[in-house]
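Participant: Mind looking over this structure? Questions follow.
The values are calculated or read from the model by the stated rules, or taken from the named source; none is laboratory data. Keep in mind the model is a prediction, meaning the values are calculated, not measured. Don't worry about glycine lacking a Cβ; one is built from the backbone with ideal geometry, like all the others, and counts go over all protein chains shown. What goes into the accessible areas is simple: the full protein's heavy atoms, side chains included, and nothing from ligands, DNA or RNA. Shrake-Rupley method; radii C 1.70, N 1.55, O 1.52, S 1.80 Å.
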Amino acid sequence: MTILIRTLKTLIVVAIFSSHSYAQGTWGQKFEQMGTMLPTPNTYRTASGAPGREYWQQKADYDISVTLNDNNQSVTGEETITYHNQSPDQLKYLWLQLDQNMRAKDSNTPLVSSSSMPDTISGKSLQQRITKDQDFDGGFKIASVKTVDGKAIPYTINKTMMRVDLPQPLKSGAEVSFKVAWSYTINDRMQLGGRSGYEYFPKDGNYLYTIAQWFPRMAVYDDVNGWQNKQFLGSGEFALAFGDYTVRITTAADHVVASTGVLQNPKEVLTATQLERLERAKKSFDKPVIIISQEEAIQNEKSRAKGTKTWVYKADNVRDFAFVSSRKFIWDAQAVKFENNTPLAMSFYPKEGNPLWEKESTKAVVNTLKTYSKYTIDYPYPVAQSIHTASIGMEYPMICFNFGRPNPDGTYSQRTLEGMVGVIVHEVGHNYFPMIINNDERQWAWMDEGINTFLEHQTVVENYPGFNTTWGTPAGVINYMKGEKNDLRPIMTNPENGRSLGYEAYGKPSAGLVLLRETVMGPELFDAAFKEYAQRWAFKHPSPADFFRTMEDASAVDLDWFWKGWFYSVDACDIAVDKVTWYKMNIDAKGFENQVKVSGDGTLGGDDTPVENGLAAPKPFTMANTKSSEYGEFKNSVDDKAIQKRNAEKNFYEVTFKNEGGLMMPIIIEWSYADGTKEVEKIPAEIWRLNEQQVTKVFAKDKQVIGIKLDPKNEIPDIQQSNNVYPRVDSKTRFDKFKDGSN
């Protein structure tokens, strides 16, 4: 486009005038596009964030027979894995995860865990943090790896990973089946900790088993990493392929078993009464039906059956499988209605969980399924189960383990109630992230933990009025973001390398999504984009770039500045009101009814100027007639007198803001007026795009301003509130004033 030189010069002058502080400070490229920070789009993953036309993922099906020995606390199993190579690549070998090897004698986990010696330490802490019970060996014992016709297959175990060398390369589009036999000793979670294991109840001599990471599982092979075979050290969780499962679980005949999937032989393992109650629960939408009562569970935990019973479960299109087993279970269930599915929300808990669990657990499962489905997709699986498990929150498809135990007399505090509801919502919510929207937990913990914490927050806000909902919000991460930068890690950090996983993977990502929804994008745009992401990637393997790109693609909001600052940096938010100058037009022309003559320096709350209502006298400015040179080629002209008249009584406030923390954020201003009213105005973060350290902006107001406050509702995590107000508030204590003689 051709532009007159004179007009171009005028535009340049205007640009310089409107951003006169641009030359100050250092340019950090915080508003540049992410470019090569994200992987190049391709036919597998598009620039829009959607799966590409050639997107592929592998499939792994399992047929497993497992025995849980209640006498020596061990697991013994044999599985047939059918691996479907749906990639375009030929594979010479397969990688399996052996997560129990974290507890093997030669595990790297205790070696790479730092520790320090306090003056006083409990026996439990000494064992779990220092000695790690060196006599316990909980690693997998691989008995054999064979073809389906019984021929041995070479394999190599490297700590928590096992490579299986195939007899022939597996071609694209082909499948291979092979058998693995194994066993391991179950860990005591109270003594040794752990996501899975058992809890022993000394009073009645029973065990409650929560069995997970219990079988050799296929690692993920995808277009992003090839094989995801990073070692499991304990913090980075799991990367798993979808598949179909048939699992036969043999345990003591008087045990009750709950599991991923749907029970296939209920008539063989349940009583006629339990079957009738279970059928009734499938039609109960207002409250749970008790299938095994507390009285029945107490009676059952006194038994000691000598025989065994086998429970058969099937689960389709899941990425993992877990189960629980105990004599102690109380069991209740309630149906949840969706458009195309009616899953059962169920809870299993020992008497030690009551009355809290009978009252609240299944209710929380129902609330979670309904709220999460609203923001993502309707819950697609047939069951969702909450298992009472001391001192843990852990998730698997259709089943999760949750803490929250009342006092021995059955009483409980509000804190216990909120903690128990929160963990159930969180762990049941994991059915969506990562069990359905299946990210790589081993590499990007925030993609499930952070997103899930955000939806946990939404669920509690919408269903539990009066609960503390600070966690996972901007206000909840202020203290963390105040920390020394060398002690912080960006969200985009592998969980094994994090310094504060609770904030880096849970709290800060969730707070960022709350910020996006409530402040940056608005609920309507955010919710539509977030739902699009869930629908695009349900039952697929999304990467961070897929999330970032989808949120922008579906909303038309450029968020590169937000991802760079919030996810890739450890910058803090600290926006200050540095200076405010009040201007009024100096009118001396004839013809105006209310002529105003003003004089003063305009300083808001200045020390050397008489102040009325917190304000100095306004600083005058003169509005001149527009020069003919400003019109360029235009033949029309503005009406200077009309403009002057419209603005004669207005108050103009030139405000300078400083970004002391480095994080790009919107500026939220609360104006307090002399007539007692207030107004909130939001300035998008793009105000900082030309100068990342300082910006000045003029605001025209009909009313007289007596004060300014930034972020009045704590929507952004500003780490220093004292510089958010103008005029400044004296923050000295009475003792400080006494010391310096100001009191």
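Participant: Please report the antiparallel percentage of DSSP beta bridges with both residues in the chain, rounded to the nearest 5.
Facilitator: Values: 112 of 135 bridges.
Roughly 85 percent of the beta bridges in the chain run antiparallel, per DSSP.
Participant: Take the alpha carbon gyration tensor of region 386-539, find the square roots of its eigenvalues, order them as a ≥ b ≥ c, and report rounded if a/c is under 1.5; if not, report prolate when a/b exceeds b/c, else oblate.
Facilitator: On the way: a/c = 1.37, a/b = 1.26, b/c = 1.09.
Since a/c stays below 1.5, the shape of region 386-539 is classed as rounded.
Participant: Let me ask something else. What is the projected area of the convex hull of the Cα atoms of region 108-189, averaged over all directions, in nm²? Present the calculation step by step, with values, prior to reporting the outcome.
Facilitator: Details: hull surface 32.5 nm².
Spelled out: convex hull of the Cα atoms, projected over all directions, averaged, 8.1 nm².
Participant: So, by mean Cβ neighbours within 10 angstrom, what's the order for 478-488, 244-254 with the highest one leading? Working shown, then result.
Facilitator: Working: 478-488: 14.5, 244-254: 19.5.
The most tightly packed comes first, giving 244-254, 478-488.
Participant: So, with +1 on the Cβ of K and R and -1 on the Cβ of D and E, and no other charges, what is the size of the charge dipole of the chain about its Cα centre, to the nearest 20 debye?
Facilitator: Working: 84 positive and 92 negative charges, 46 e Å.
Dipole about the Cα centre, nearest 20: 220 debye.
Participant: Still on this structure, please answer the following. Can you show me the helix-derived [θ] at 222 nm for the chain, built from DSSP H runs with n ≥ 4 at -39,500 (n - 2.57) apiece and divided by the number of residues, rounded to the nearest 500.
Facilitator: Details: 14 runs with 145 residues, N = 743.
Helix contribution divided over all residues of the chain: -6000 deg cm²/dmol.
Participant: Here's something else I'd like to know. Which value, in nm² and rounded to one decimal, describes the direction-averaged projected area of the C-alpha convex hull of region 506-554? Could you put the intermediate results ahead of the total?
Facilitator: Working: hull surface 13.7 nm².
Averaged projected area of region 506-554's Cα convex hull equals 3.4 nm².
Participant: Output wanted: per-residue J couplings in Hz (rounded whole) for region 397-411, from phi through Karplus 6.51 cos²θ - 1.76 cosθ + 1.60, θ = phi - 60°, x for Gly and Pro.
Facilitator: With the stated coefficients, region 397-411 comes to x, 6, 8, 8, 10, 9, 7, x, 10, x, 5, x, 8, x, 7 Hz.
Participant: Quick one: of Lys124/Lys328; Lys267/Lys351; Lys159/Lys306, which pairs are farther than 27 Å apart, Cα to Cα? Walk me through the numbers before you get to the answer.
Facilitator: Values: Lys124/Lys328 25 Å; Lys267/Lys351 25 Å; Lys159/Lys306 37 Å.
From the list (Lys124/Lys328; Lys267/Lys351; Lys159/Lys306), the Cα-Cα distance tops 27 Å for Lys159/Lys306.
Participant: Sort the following peptides by mean Cβ neighbour count (other Cβ atoms within 10 Å, averaged over residues), highest first: 507-514, 146-153, 178-185, 89-96. Write down the numbers at each step before the final one.
Facilitator: Working: 507-514: 25.8, 146-153: 11.5, 178-185: 19.6, 89-96: 17.2.
Highest-to-lowest ranking by the protection proxy: 507-514, 178-185, 89-96, 146-153.
Participant: Straight-line reach from Lys703: which aspartates and glutamates have a Cα under 20 Å away, not including same-chain ones fewer than 8 places off?
Facilitator: Glu593, Asp601, Glu612, Glu649, Glu654, Glu670, Asp675, Glu679, Glu681
Participant: Here is a further query. For a test of understanding, tell me how many lysine pairs in region 449-591 have Cα atoms under 24 Å apart, given they are 8 or more places apart or on different chains.
Facilitator: On the way: Lys482/Lys508; Lys482/Lys564; Lys485/Lys508; Lys485/Lys564; Lys508/Lys531; Lys508/Lys564; Lys531/Lys540; Lys531/Lys564.
Pairs that pass both the separation and distance tests number 8.
Participant: How large is the dipole of region 638-734 about the Cα centre if only Lys and Arg carry +1 and Asp and Glu carry -1, each at its Cβ, rounded to the nearest 20 debye?
Facilitator: Working: 16 positive and 16 negative charges, 52 e Å.
Once rounded to the nearest 20, the dipole reads 240 debye.
Participant: If the reach is capped at under 16 angstrom between alpha carbons, list the aspartates and glutamates near Lys302, excluding any in the same chain fewer than eight residues apart.
Facilitator: Within the straight-line limit of under 16 Å, Lys302 reaches these aspartates and glutamates: Asp70, Asp204, Asp254, Glu352.
Participant: Which percent of the accessible heavy-atom area of the chain goes to carbon and sulfur, probe 1.4 angstrom? Mind dumping the intermediate values first?
Facilitator: Values: 16940 of 33930 Å².
Carbon and sulfur: 50 percent of the exposed surface of the chain.
Participant: What list of ³J(HN,Hα) values in whole Hz, one per residue of region 491-502 in order, does the Karplus curve 6.51 cos²θ - 1.76 cosθ + 1.60 (θ = phi - 60°) give from phi, with Gly and Pro shown as x?
Facilitator: Values per residue, Gly and Pro as x: 4, 7, 10, 4, x, 6, 9, x, 9, 9, 4, x Hz.
Participant: While we're looking at this one, here's another question. Relative contact order (percent) for region 474-585, with alpha-carbon contacts under 8 angstrom and 6 or more residues of separation? Walk me through the numbers before you get to the answer.
Facilitator: On the way: 80 pairs, mean separation 36.7, N = 112.
About 33 percent, as a whole number.
Participant: Now for a different question. Convert each backbone phi in region 77-94 into a coupling constant with the Karplus relation 6.51 cos²θ - 1.76 cosθ + 1.60 (shift: θ = phi - 60°), then list the ³J(HN,Hα) values in order as whole Hz, x for Gly and Pro.
Facilitator: Karplus values, whole Hz, x for Gly and Pro: x, 9, 10, 10, 9, 10, 9, 9, 8, 9, 7, x, 9, 8, 10, 8, 8, 10.
Participant: Rounded, prolate or oblate for region 253-307? Axes are the square roots of the Cα gyration tensor eigenvalues, ordered a ≥ b ≥ c, and the cut-off for rounded is a/c under 1.5.
Facilitator: oblate
Participant: Take every Cα pair under 8 Å in region 317-464 that's 6+ residues apart, average their separations, divide by the length, and report that relative contact order as a whole percent.
Facilitator: Working: 254 pairs, mean separation 32.3, N = 148.
In percent, rounded to a whole number, it is 22.
Participant: Here's another thing I want to ask about it. Just want to confirm a number: the relative contact order over the chain, from Cα pairs under 8 angstrom separated by 6+ residues, in percent. List each step's numbers first, then the result.
Facilitator: Working: 1535 pairs, mean separation 83.2, N = 743.
Relative contact order comes out at 11 percent.
Participant: Here is a follow-up. Would you mind working out the magnitude of the charge dipole of region 341-407 relative to its Cα centre, with +1 at each Lys and Arg C-beta and -1 at each Asp and Glu C-beta, to the nearest 20 Debye? Don't jump to the answer; show the numbers that get you there.
Facilitator: On the way: 6 positive and 5 negative charges, 28 e Å.
The calculated dipole for region 341-407 is roughly 140 debye.
Participant: If a helix is a whole DSSP H run, which ones in the chain reach 18 Å or further along their own axis (Cα) and hold a mean Kyte-Doolittle hydropathy of at least 1.6?
Facilitator: Values: long enough: 5-18 (20 Å, 1.68); 356-375 (28 Å, -0.78); 414-429 (22 Å, 0.43); 446-463 (24 Å, -0.50); 523-537 (21 Å, -0.76).
Once both thresholds are applied, what remains is 5-18.
Participant: How large is the convex hull of the C-alpha atoms of region 477-597 per residue, in Å³?
Facilitator: Details: hull volume 21.4 nm³, N = 121.
Looking at region 477-597, the number lands at 177 Å³ per residue.
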